[in-house]
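The values are calculated or read from the model by the stated rules, or taken from the named source; none is laboratory data. Keep in mind that this is a model prediction, so the values were computed, not measured. Counting neighbours? That spans all protein chains shown, and the Cβs are built from the backbone with ideal geometry, glycine included. Ligands, DNA and RNA are stripped out before the accessible areas are found, and what is left, the full protein with its side chains, is counted by its heavy atoms. Shrake-Rupley method; radii C 1.70, N 1.55, O 1.52, S 1.80 Å.
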Amino acid sequence: MNKSEIITEISSKTGEDKKKVENFIEAFMGTVINALSQSDKVQLLGFGTFLIRHREARIGRSPRDGANIQIPASNSPVFKPGKSFKDAVNS
């Protein structure tokens, strides 16, 4: 399911027009991205938590020639599903 399909689905379930739903989704995504960029976590009870995990710098191996390469430290966004989310997917 892609973004436009999500917009159509939410629009049909709520009766709101697609442009309004798209604006809400854009605002939600922007809010989550902004919070994560400030190292906050976003917790939606019953759904899950968006958070940042820090990865330390490390030595990797180039798949092309096998040479060692330095991989810099980075922050990765992570989604951790909540219990009811997991239960719904696994039932």
Applying the selection to the stretch 60-91, what residues are among the hydrophobic types (A, V, I, L, M, F, W, C) and in contact (Cβ under 8 Å) with a residue 12 or more places away in the chain?
ILE71, ALA73, VAL78, PHE79, PHE85
Residue ID - nearest to the chain's Cα centre (by Cα), chosen from residues in the stretch 14-38 that are over 19 Å from THR49 (Cβ atoms) and either of a type in the set (Asp, Glu) or in a loop (DSSP other than H, G, I, E, B) (or both):
GLU26
Looking at SER11 and the list (1) farther than 16 Å from SER76 by Cα; (2) without any contact (Cβ under 8 Å) to a residue 12 or more places away in the chain; (3) part of a helix (DSSP H, G or I); (4) open to solvent by 60 Å² or more (accessible area, probe 1.4 Å), which single condition is not satisfied?
(4)
For the stretch 41-91, how many residues meet the condition of being open to solvent by 100 Å² or more (accessible area, probe 1.4 Å) and either assigned to a loop (DSSP other than H, G, I, E, B) or among the small types (Gly, Ala, Ser) (or both)?
7
